[in-house]
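**Q** Can you keep this structure in mind? I'll have questions shortly.
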């Protein structure tokens with residue numbers, strides 16, 4: 001901390017903000033005043049979200065890099081923006097700097113922020129830098145714009161709607177397990193893929209944009225951060241419906257399947273409750289599926305129908321491959337407390 | 001934490017959000033989805049700010065109440081909104097919940113949020129609730145609207161402009177000293193006033209609104225959070241000017257003067273560098289003063305001219321009552337690290 005102390009709060013802010021290369025052309029005032037100032041886009045609504053990562057709760061410094069942590073802190077917020085069908089525009093970052101955090105660590109953290117800002121054209125317009133001797137934390141808020149006619153909430157799913165997810169499930173939670181086990185095995189491409197899915201999740205901004213630009217009647221959407229079942233419950237509760245999902249439809253990556261086979265790991269806890277997939281989970285009436293599939297195959301993006309919305313309110317059932325049906329409780333996802 | 005654990009993240013969010021009574025009529029989607037959604041106000045720009053309070057850095061749980069802490073966490077952000085001449089509209093709150101924080105503490109904290117939200121018509125539209133076993137923290141982001149023609153930044157002060165502050169200086173830092181000294185003296189009205197100025201600062205939203213609605217050419221503005229001299233340096237550096245302030249013009253409350261006298265305390269370190277005054281510090285050309293005084297006397301709000309902008313770049317001088325002049329360095333304010 002000695003270097004940070006010597007820099008002081010304002011020296012540190014100056015140093016870190018100089019690492020941020022993406023500047024939105026319309027921002028009126030970025031980092032360095034009491035507030036950031038920017039124009040509103042007429043004809044749109046705005047969305048805002050905030051998410052914090054706390055050391056030893058959401059990440060371990062020994063198991064990630066500052067760059068990956070910076071990317072992830074922004075990505076998990078962009079994932080919430082994607083979940084509404086919105087486009088991210090600006091971010092604010094608070095860092096609570098603990099005693100063991102160095103100035104060069106923060107340089108690399110901001111390198112991670114900058115990488116995501118560049119990739120998704122999001123300007124980091126301000127924040128707060130505070131001392132937090134006992135724990136290091138990062139809080140990010142992101143603002144975006146949204147077409148008022150294409151706001152995808154959790155509360156519109158209806159009986160008979162089909163349930164889709166983007167990408168594959170379970171990679172992140174299996175990656176975390178591999179990352180944190182005591183005996184590290186020899187690394188492999190599969191392991192690296194799974195660990196990268198945990199440390200470097202990709203927010204599904206592109207996929208959300210395809211849905212928002214389409215005319216498909218998306219009745220509900222959420223991003224999977226707490227685990228498929230838990231997040232499906234969020235949709236079911238908000239929409240006052242139930243859901244049936246089919247075990248053999250849950251999309252797995254090749255690396256995930258091979259790693260489960262090789263280590264005799266049951267894949268279903270990871271697929272159903274793993275969490276931090278940051279894939280989109282959404283529902284639509286069956287007559288939209290043809291258009292949906294056309295849009296996503298054009299963009300070469302994987303989407304999978306995993307089940308359908310049922311009437312039985314607020315209950316999620318899993319149809320197993322042997323035809324039996326199993327009630328899935330809603331409390332097995334990630335509980336922060 | 002057992003009750004919080006039993007409630008779970010979503011039970012806790014539901015419980016706390018039910019305490020928030022102010023809802024803006026135009027909010028489209030508040031707490032409970034991936035993002036909050038709201039319309040933009042055409043003809044305005046937006047401002048956003050964020051500020052965190054960390055236990056044992058910015059507050060001590062033994063020296064405040066949960067309600068006061070909730071109010072202050074919002075107020076310090078509203079003060080930044082005021083500093084631009086903007087009107088606050090919506091807030092997002094992240095709480096990092098440590099082991100010693102109980103559900104009833106959080107109820108009272110949200111009671112404090114609600115009190116400020118009601119007073120200033122700000123809707124708390126979302127946030128994040130995370131476990132942070134080792135340290136309790138609160139991060140607040142506030143969005144507001146601003147007239148594009150009345151954006152008061154730090155960088156427009158010019159030679160010859162006069163320097164004004166709202167209210168009185170030093171109360172908060174003297175209040176903090178009284179609050180934290182080991183031997184508590186018998187309480188008095190004066191002590192209570194000073195301590196309340198520390199624990200319950202009032203963001204100068206009303207004063208900012210008077211300035212924004214007026215035609216006065218405010219050339220620079222900031223809120224005093226780091227101490228008068230440090231924040232004046234922010235204006236001087238951003239505007240590439242210097243400043244002279246006059247010792248005998250620095251506004252003191254009666255309680256502050258009496259407490260300094262009674263305890264043989266030198267008032268100037270508190271007036272100049274105390275910090276957390278959350279008053280507005282602003283500059284304007286002399287020809288605007290008459291209008292300024294008329295506006296504020298109509299509103300019955302104290303403002304005081306404390307000095308003027310000088311050409312000598314980035315230096316602040318104090319003119320003492322004996323006519324001598326003293327250079328004030330810029331590093332004596334509150335340094336977080």
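**Q** Per-residue mean of other chain beta-carbon atoms within 10 angstrom of the beta-carbon, peptide B:50-60? Walk me through the intermediate numbers first.
**A** On the way: counts 14, 6, 11, 2, 10, 3, 4, 6, 3, 0, 0.
Shielding by partners across B:50-60 averages 5.
**Q** Can I ask one more? Could you line up B:270, A:59 from fewest to most neighbouring Cβ atoms inside 10 Å?
**A** Numbers: B:270 28, A:59 20.
With the fewest neighbours first, B:270, A:59 line up as A:59, B:270.
**Q** Let me ask another. Using only Cα atoms, find the angle between the long axis of helix B:2-17 and the longest principal axis of chain B, and express it within 0 to 90 degrees, rounded to the nearest 10.
**A** Compared with the principal axis, the helix lies near 60 degrees.
**Q** Give me B:124, A:250 ranked fewest to most by other Cβ atoms within 10 Å of their Cβ, as a rough exposure proxy.
**A** On the way: B:124 26, A:250 21.
By the 10 Å Cβ count, ascending: A:250, B:124.
**Q** Additional query: Using Cβ contacts closer than 10 Å as the measure, can you line up B:67, B:279 from fewest to most?
**A** Details: B:67 19, B:279 29.
Listing B:67, B:279 from fewest to most nearby Cβ atoms yields B:67, B:279.
**Q** Same structure again: What is the average number of partner chain Cβ atoms found within 10 Å of a Cβ in B:94-101? Numbers along the way, then the final one.
**A** On the way: counts 9, 1, 8, 3, 2, 0, 0, 0.
Mean partner shielding for this stretch: 3.
**Q** Another question, if that's okay. How compact is region B:162-328 by the rule of thumb for globular proteins, expressed as Cα Rg over 2.2 N^0.38 Å? Before the final figure, lay out each step's value.
**A** Values: Rg = 16.1 Å, N = 167, 2.2 N^0.38 = 15.4 Å.
In units of the 2.2 N^0.38 Å rule of thumb, it is 1.04.
**Q** Still on this structure: With viscosity set to 1.306 mPa s and temperature to 10 °C, compute the Stokes-Einstein D of region B:231-308, Rh being the Kirkwood radius across alpha carbon pairs; µm²/s, no decimals. Please list the in-between numbers first.
**A** On the way: Rh = 14.5 Å.
Estimated via Stokes-Einstein, D reaches 110 µm²/s.
**Q** When you look at the Cβ of every residue in A:114-126, what mean number of other chain Cβ atoms sits within 10 Å?
**A** On the way: counts 0, 0, 0, 0, 0, 0, 0, 0, 0, 0, 0, 3, 6.
The shielding value for this peptide is 1.
**Q** Throw me the Rg/Rh for region A:1-64, computed over C-alpha atoms with Kirkwood Rh, two decimals.
**A** Details: Rg = 16.7 Å, Rh = 15.6 Å.
Dividing the radius of gyration by the Kirkwood radius yields 1.07.
**Q** Nearest 0.05, what FRET efficiency do residue A:248 and residue A:312 give at R0 = 25 Å with Cβ-Cβ as r? Mind showing how you got there, number by number?
**A** Details: r = 21 Å, r/R0 = 0.86.
Efficiency, rounded to the nearest 0.05: 0.70.
**Q** With the radius of gyration and the Kirkwood radius both derived from the Cα set of the protein assembly as shown, what is their ratio Rg to Rh?
**A** On the way: Rg = 26.5 Å, Rh = 26.4 Å.
Reported Rg/Rh (Cα atoms, Kirkwood Rh): 1.01.
**Q** Still on this structure, please answer the following. Can you list, largest first and rounded to whole Å, the semi-axes you get for region B:271-337 by taking the square root of 5 times each eigenvalue of its Cα gyration tensor? Each step should come with its number before you reach the end.
**A** Numbers: eigenvalues 128, 63, 29 Å².
After scaling each eigenvalue by five and taking roots: 25, 18, 12 Å.
**Q** So in the protein assembly as shown, what percent of DSSP beta bridges are antiparallel if you round to the nearest 5? Spell out each step's value before the answer.
**A** Numbers: 90 of 118 bridges.
Among the beta bridges of the protein assembly as shown, antiparallel pairing accounts for roughly 75 percent.
**Q** Of all the Cα-Cα pairs you can form in region A:47-109, what percent are over 13 Å apart?
**A** 67 percent
**Q** For residue A:293, place a label point 7 Å out from Cα along the Cα→Cβ vector, do the same in each other copy, and report the separations in nm, one decimal, smallest first.
**A** Copy-to-copy label distances at residue A:293, shortest first: 8.0 nm.
**Q** Right, next: Kindly give the distances from residue A:181 to its copy-mates, label point to label point, with each label point 7 Å from Cα along Cα→Cβ, as nm values to one decimal ordered shortest first.
**A** 6.2
**Q** Over 38 Å, how big is the tail of the calculated P(r) for chain A, in percent of all Cα pairs? Intermediate values should be presented prior to the final figure.
**A** Numbers: 10249 of 56616 pairs.
The share of Cα pairs beyond 38 Å in chain A comes to 18 percent.
**Q** Now for a different question. If the label for residue A:192 sits 7 angstrom from Cα along the Cα-to-Cβ line, what are its distances to the same label in every other copy, in nm to one decimal, shortest first?
**A** 6.9
**Q** Helix A:189-199: angle to the longest alpha-carbon principal axis of chain A, degrees 0 to 90, nearest 10?
**A** 70 degrees
**Q** Another question about this same structure. Hey, what angle do you get for helix A:103-120 against the long axis of chain A, alpha-carbon based, 0 to 90 degrees rounded to 10?
**A** Roughly 50 degrees, rounded to the nearest 10.
**Q** With an 8 Å cut-off on Cα pairs and a minimum separation of 6 or more residues, tell me the relative contact order of chain B in percent.
**A** 22 percent
**Q** Can you give me the P(r) profile for region B:187-260? Cα pairs, bins 5 angstrom wide beginning at 0, each as a whole percent.
**A** Using 5 Å bins, I get a P(r) of 3, 11, 15, 19, 22, 16, 9, 4, 1, 0 for region B:187-260.
**Q** For chain A, what does the helix formula give at 222 nm: sum of -39500 (n - 2.57) over DSSP H segments with n ≥ 4, over the residue count, nearest 500 deg cm²/dmol? Provide the component values of the computation, followed by the final result.
**A** Numbers: 10 runs with 119 residues, N = 337.
Helix-only estimate at 222 nm: -11000 deg cm²/dmol.
**Q** Pull up the DSSP beta bridges for chain A and report the antiparallel fraction as a percent, rounded to 5.
**A** Values: 41 of 55 bridges.
If I count the DSSP bridges inside chain A, around 75 percent turn out antiparallel.
**Q** So, in nm, how far is label residue B:63 from label residue A:302 when the simple model puts each one 7 Å beyond its Cα toward the Cβ?
**A** 5.5 nm
**Q** Now a separate question. Express the C-alpha Rg of region A:2-146 as a ratio against the empirical globular expectation 2.2 N^0.38 Å, rounded to two decimals.
**A** 1.02
**Q** So, one more: Quote the relative contact order of region B:2-146 in percent (integer), defining contacts as alpha-carbon pairs under 8 Å separated by 6+ residues. Spell out each step's value before the answer.
**A** Working: 260 pairs, mean separation 56.6, N = 145.
RCO, region B:2-146: 39 percent.
**Q** What's log10 of I(q)/I(0) for region A:163-224 at q = 0.15 Å⁻¹, Debye sum over Cα points only, no solvent?
**A** -0.58
Here, each number is a calculation from the coordinates, and none is a lab measurement. Bear in mind that the values here come from a model prediction, so they are computed numbers and not experimental data. Here Cβ is always computed from backbone atoms with ideal geometry, including for glycine, and neighbour counts include all displayed protein chains.
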